Amino acid sequence: MEIFWSNDDGLSEPCSFSDSNSLNVVVGPYIHSIICILGLVGNSLVIFTYALYKRTKSMTDVYLLNVAIADLLFVLALPFIVYNELYSWPMGQVACKLLRGSYSVNLYSGMLMLACISTDRYIAIVQARRSFGLRSVSNSRIICFLIWIFALLVSVPTFHFHHWYEPTHNEITWFNSNEQEETTDPQYVCEWKFDDINTASIVKVAVPSTQLAIGFFLPLFIMIFCYTSVIITLQKAKNFQRHKAVRVVMVVMLVFIVCHLPYNLTLLYDTVSYFEHRDCDAESSLRTAMSVLQTVAYLHCCLNPLLYAFIGVNFRNHFRRTFQNLCWTAAPRRRTGCSASTRGPASGPGSAR
C-alpha cells in the first residue's frame, strides 16, 4: 500500500518512511543475523539428532522434527527477505515467488505443528486412558503430511500475487519550477502486485486475515485449551517431576504469547484499519512497530529447539550420545579428549515428556 501526502503545490508525493527505514538498516541486520545463526544451529542439531540416532519413535518426535525443518527453512530464507526489504531483489521472478511462498508455507506449517504438539500432550496426559491407538507414529506422519499440503494451499495467493517488478513511483519524473529531478537506476522489488484495485483490496485483507486466523489464533486457542488442561491434571499429582513439568508447560505458553501476540495484534489493527486514511507519521509509526515486533516473533524459531526438544531428558541423552559418537569418529587418534562416558551407551531416566 503506497501512502501519499500533498505538498504546498497540491501535488501528491510518496511518504519517505525515513525513521522506520533507518531503524531497519541500522539495527535489523545485526538482530536478524543473530536469529539466523541461533536458529540455524539449534534446528540443525535437532534434525541431525533425529536423523543420526534418535529416530522418530513417537508422535511428538515426528512433530518436533517437522517444526525444526520448518524453522530451518525459515532462517535460511530470512537473510534474503531482509535484503529484499532493505534494498532490492536481484534474483528474478522465480526466486521471488519461491522466497515469499516458502515463508508463508513455513509459517503455517510451523505454527500448526506446535498446536499438534500441545494436542498430543493433552491426549497423553489428560486423556491417557483413551490414548491407546491414537498416538501412533504412522498417524502423526499422515497429520504432518496433511499440514504441509494445507499450508501450501493457503499460501497459493502469496505465490501467485508476488512478482518481481520495478515500482511505478520509480518511473515518475518530478518537476519543480526550474529544474528536473535526476532519475536513478531501476530498482526491482519482490512484492505484491495486482492488476486492479479491487483484487488488491481483497487480497491485502484476506491474506493477513487468514494468517491471523490460521497461523496464530487457531494454534493459540488450541495451545491454551490443551496446556491449561494439562496443568490442571498435573497439579493433582503429588510428584516432583509432574510439578516440574507444569513449570515447563507454563514457560512454553508464556514464550509463545510474548513472541507472537504483540506482532499479531499489530497486524490485526493494520488489517482492520486498512481502508482508513493514515497520514505519513501514523503510517511510519505503525511500520516501525510492526518491524520491531515481527523481529521479536522471529525469535521464536530460535527458542523452539530449547522449549520443545532439548528440554526433554531423552532427547538430551540422545543428543549427547550423537555428539560423543561424532567426536569419537572424527578424532580416532585423540580419543582421550572425549570423556570416558563416550565409550558406553548414554544412560538417563525416561522421557520428561
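Worth pointing out:
- In the stretch 226-243, the residues that are among the polar types (S, T, N, Q) reach residues that are at pLDDT 70 or above with C-beta atoms within less than 7 angstrom, at least six apart or across chains, in these pairs: 229/122; 229/126; 233/125; 233/126; 235/246.
- When residues of the stretch 194-223 are limited to those that are surrounded by fewer than 15 Cβ atoms within 10 Å (Cβ to Cβ), without any contact (Cβ under 8 Å) to a residue 40 or more places away in the chain and not β-branched (Val, Ile, Thr), the one nearest to residue 269 (Cα to Cα): 213
- Checked against (1) modelled with pLDDT under 90; (2) within 26 Å of residue 36 (Cβ to Cβ), residue 283 meets all criteria but (2).
- Single unsatisfied condition, residue 129 versus (1) buried (at least 18 other Cβ atoms within 10 Å of the Cβ); (2) without any contact (Cβ under 8 Å) to a residue 60 or more places away in the chain; (3) among the basic types (Lys, Arg): (1)
- So residue 143, is it at pLDDT below 90, of a type outside the set (Asp, Glu) and buried (at least 17 other Cβ atoms within 10 Å of the Cβ): no
- Residues of the stretch 301-321 classified as among the aliphatic types (A, V, I, L, M), buried (at least 18 other Cβ atoms within 10 Å of the Cβ) and over 15 Å from the mean Cα position of the chain (by Cα), total: 1
Let's see how each residue does on (1) loosely packed, with under 14 Cβ neighbours inside 10 Å; (2) within 21 Å of residue 85 (Cβ to Cβ); (3) β-branched (Val, Ile, Thr):
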site	(1), (2), (3)
261	no, no, no
266	no, yes, yes
291	no, yes, no
299	no, yes, no
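- Tally of residues being at pLDDT 85 or above and part of a helix (DSSP H, G or I) across the stretch 286-318: 21
- Flag if residue 65 is at pLDDT 85 or above and either in a helix (DSSP H, G or I) or not charged (D, E, K, R) (or both): yes
- Pairs, first among the acidic types (Asp, Glu) in the stretch 250-276, second at pLDDT below 95 and surrounded by 16 or more Cβ atoms within 10 Å (Cβ to Cβ), C-beta under 7 Å, six or more apart: 270/286; 270/290
- So residue 241, is it at pLDDT below 90 and assigned to a helix (DSSP H, G or I): yes
The values are calculated or read from the model by the stated rules, or taken from the named source; none is laboratory data. On a predicted model such as this, the values are computed, not experimentally measured, just so you know. Ideal geometry is used to build each Cβ from the backbone, glycine not excepted, and the neighbour counts take in all protein chains shown.
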